[in-house]
């Protein structure tokens with residue numbers, strides 16, 4: 001940021017003195033710009049890939065076609081995504097992040113845990129309905145493969161789930177018993193969402209909405225975890 005201060009004078013009038021950016025300020029600004037540019041490039045690649053996958057399918061779409069749709073070079077593609085499958089995984093990450101933002105917004109005021117989950121899953125279902133069901137299944141399977149690689153090699157962390165913040169908040173507010181293992185509960189609930197999405201895409205739910213079925217399942221899981229935590233504390 002450039003600041004103006006009136007520290008000197010010329011001909012009896014104040015003379016502005018410019019305080020220029022320090023090297024640290026310039027470095028921070030460059031870093032912020034690069035992060036924003038990197039995020040936008042990744043998003044452009046994902047959007048280009050999704051547009052192609054919706055029209056011609058996932059399996060037959062090539063990296064070259066994704067690059068052409070996004071207007072970037074292959075070298076830039078491989079800078080962000082070592083494999084085409086990694087773009088698919090990024091789609092899953094973006095969906096989870098959108099659900100996390102949805103949940104966080106609801107936690108800004110009074111909340112009911114079942115309604116928070118239902119609202120987030122309805123948003124997720126709207127996103128899924130915009131894509132071919134085969135693509136939803138591929139996205140879920142790639143998420144499983146990615147998690148398996150991390151657990152097998154120990155390289156990196158398993159990405160954050162959509163429920164940890166909600167369950168931690170609920171426990172601190174007394175909605176969940178203090179003995180509930182929120183990290184484990186969040187992992188199980190996230191698995192229910194993934195499996196629910198896969199079964200919904202395969203047509204297993206019939207006419208029932210994905211959000212209705214999975215919200216009911218997750219609430220049953222929460223009730224069981226709460227009852228168990230409560231019973232273990234009784235003398």
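The values are calculated or read from the model by the stated rules, or taken from the named source; none is laboratory data. Predicted, not measured: the structure shown is a model, and the values here were computed from it. Cβ atoms come from the backbone with ideal geometry, glycine included; neighbour counts cover every protein chain shown.
Meeting the requirement of 2 or more residues that are more than 22 Å from residue 133 (Cβ to Cβ), touching a strand residue (DSSP E or B) at 6+ places or on another chain (Cβ under 7 Å) and modelled with pLDDT under 55, no helices (runs of 4 or more DSSP H) wholly within the range 6-104 can be named. If I ask for residues that are assigned to a loop (DSSP other than H, G, I, E, B), at pLDDT below 95 and either in contact with a strand residue (DSSP E or B) (Cβ under 7 Å, 6 or more places away or on another chain) or surrounded by 14 or more Cβ atoms within 10 Å (Cβ to Cβ) (or both), which ones from the range 108-132 would you list? Result: 131, 132.
For residue 167, the test of being surrounded by 15 or more Cβ atoms within 10 Å (Cβ to Cβ) and either at pLDDT below 95 or not in a loop (DSSP other than H, G, I, E, B) (or both) is passed. Scanning the range 211-232 for residues that are in contact (Cβ under 8 Å) with a residue 40 or more places away in the chain and buried (at least 17 other Cβ atoms within 10 Å of the Cβ) turns up 211, 214, 215, 218, 222, 225, 226, 229. Against the list (1) within 15 Å of the chain's Cα centre (by Cα); (2) buried (at least 20 other Cβ atoms within 10 Å of the Cβ), the condition residue 101 fails is (2). Taking (1) in a loop (DSSP other than H, G, I, E, B); (2) surrounded by 13 or more Cβ atoms within 10 Å (Cβ to Cβ); (3) modelled with pLDDT under 95 in turn, residue 235 satisfies each apart from (2).
Total residues in the range 176-210 satisfying the condition of being in contact with a helix residue (DSSP H, G or I) (Cβ under 6 Å, 6 or more places away or on another chain), in a loop (DSSP other than H, G, I, E, B) and either under 16 Å from residue 223 (Cβ atoms) or in contact (Cβ under 8 Å) with a residue 40 or more places away in the chain (or both): the figure is 4.
Against the list (1) buried (at least 18 other Cβ atoms within 10 Å of the Cβ); (2) in a helix (DSSP H, G or I); (3) modelled with pLDDT of 90 or more, the condition residue 146 fails is (3).
In this structure, residue 196 does not satisfy being more than 24 Å from residue 84 (Cα to Cα) and loosely packed, with under 15 Cβ neighbours inside 10 Å.
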